[in-house]
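K.L.:
What follows is a single structure, and I will ask about it in a moment.
The values are calculated or read from the model by the stated rules, or taken from the named source; none is laboratory data. Only a predicted model underlies this, so the values are computations on that prediction, with no experimental measurement involved. For neighbour counting, all protein chains shown are included, and Cβ atoms are generated from backbone atoms with ideal geometry for every residue, glycine included. The area values use the complete protein model at the heavy-atom level, side chains included, leaving out ligands, DNA and RNA. Shrake-Rupley method; radii C 1.70, N 1.55, O 1.52, S 1.80 Å.
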Amino acid sequence: MPLCIRCVLACLATHFVHLGSGASNIGGTALVLSGGGAKGAFEAGLLTGICENQKKWRNSWNMVLGASIGALNAGILAQFPEAEQCSHGVPALNDFWHSVRSQDDVFVSSVPGLLTTRSCLSDWTTFVGAPVDAFVEHGGLCDPSSGTTNFNNAVKKERIHDSGMQLRVVASSMKDGRPKWFTERDEDVVDGCMASGSIAPLVYPKEVPQGSGNWYVDGGIFANVPIVKALDEGATHVLVILLERLNATDNNGEIDFSVAKQKGQAGLAVLQYYMNVISNRIFLDNEIRSACTKYPNASIMAYMPPKYLGDLKDFSGGNIDQLIALGLETAKAEPFDLCEFAEAKRFQINGAAASVGETPGITQDLMDRVFCWLCGCCMTWALCLSAAGGRISSLLESILHLVSNMQNKQFRTSNSSNSSISDLSSEQEVSLV
């Protein structure tokens, strides 16, 4: 149960400020890789296409940033210097993804030797108590040991340290509810990449370093597409690979839920829907607008999948191959201007770039996101409650009460924020560039 409480604290802390280590004046281009589970195979294919078709962008990035699966992809690329990204880095990334042929290559059941297989999510249909017990005991439904072994075989910290490529991956600290950025200089950088990809409650949280008592979960909670971090670090050009379609209606279509119901995974599909909506409609939108506003002169280009990429848990070999092929095809076109596509205004206040706190509407957006993340957490607990009977009913009741209080606080903050924004507009001249 302490895990659930820590999750709430992390939700409450989420996104009130962008926390960074300060600019390092790297200049040049940063490659930003989004989180999205199995959809990360699309990034491998798209980077192959960039190397083959886009001379302007080939071997152009001197920093790579990522969250969740994007952090794992970033760790693989960071083993190679800038000049070898297309000749060695991207091929290594594709080799890694082609080695993933099933879910068992990423995570397995928390019950060793279950029947003739250790596939985790099949437990939901016949052994529903097993993953729930694992969640209560370990903080996650599935055991990520198989994925940990495969990633450790593919990535070595010495290669990252010696490559000269700059790396930034984010995990969420369960100790203080803040983002933890791992860099190419950290001794635990490989574990840091895996910590960023620890999508609790799907898999167990990650302790870094082992025995330290510092536990981390998915970094996408704070920056699933870390564009602002790239700019904070001094990048003047950013190339973003998105794993979701902006302003699209085909994400999380009903047909996918129908398939989930047939597989006996409707609860997981509902939870995934909430997480995707929160991530794409709130977190990502705010990340883009913050980046475009705070850095009005930066070049922020992006690629986006032409269609919904499907279930983030589908690590089947066929799906991985299709996603890689789709990424390769998508890269035949030029990237688009992300700020223009998102219709994000590029502000200046009194001749200077606006900070996040000075941007109209940001304060309310942040409150909206925190509230929605609390709802997402409650969905997790509701799912566990339906499977585990009344073992956590009192906790769920407390959390729902907390969400209600948060909503009331949100309403009061909204009124206060509107007054503050009105005062700002009357006192300062805002011009568009």
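K.L.:
Inside region 161-205, can you point out the residues that are assigned to a loop (DSSP other than H, G, I, E, B), farther than 23 Å from Thr149 by Cβ and out of contact with any strand residue (DSSP E or B) (no Cβ under 6 Å at 6 or more places or on another chain)?
P.N.:
Gly164, Met165, Lys175, Asp176, Gly177, Arg178, Arg185
K.L.:
So, in region 210-219, exactly how many residues are in contact (Cβ under 8 Å) with a residue 40 or more places away in the chain and either open to solvent by 10 Å² or more (accessible area, probe 1.4 Å) or on the phi > 0 side of the Ramachandran plot (or both)?
P.N.:
Within region 210-219, residues that are in contact (Cβ under 8 Å) with a residue 40 or more places away in the chain and either open to solvent by 10 Å² or more (accessible area, probe 1.4 Å) or on the phi > 0 side of the Ramachandran plot (or both) number 5.
K.L.:
Considering every residue within region 124-142, establish whether at least one is assigned to a loop (DSSP other than H, G, I, E, B), at pLDDT 95 or above and open to solvent by 70 Å² or more (accessible area, probe 1.4 Å).
P.N.:
The answer is no; no qualifying residue exists.
K.L.:
Would you call Leu72 touching a strand residue (DSSP E or B) at 6+ places or on another chain (Cβ under 9 Å), of a type outside the set (S, T, N, Q), open to solvent by 20 Å² or more (accessible area, probe 1.4 Å) and at pLDDT 95 or above?
P.N.:
Criteria met by Leu72.
To keep it simple, each residue is scored yes or no on (1) closer than 16 Å to Glu184 by Cα; (2) open to solvent by 30 Å² or more (accessible area, probe 1.4 Å); (3) at pLDDT 95 or above.
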position: Leu12; (1), (2), (3): no, yes, no
position: Val17; (1), (2), (3): no, yes, no
position: Gly28; (1), (2), (3): no, yes, no
position: Gly37; (1), (2), (3): no, no, no
position: Leu46; (1), (2), (3): no, no, yes
position: Ile50; (1), (2), (3): no, no, yes
position: Lys55; (1), (2), (3): no, yes, no
position: Asn62; (1), (2), (3): yes, yes, yes
position: Gly66; (1), (2), (3): yes, no, yes
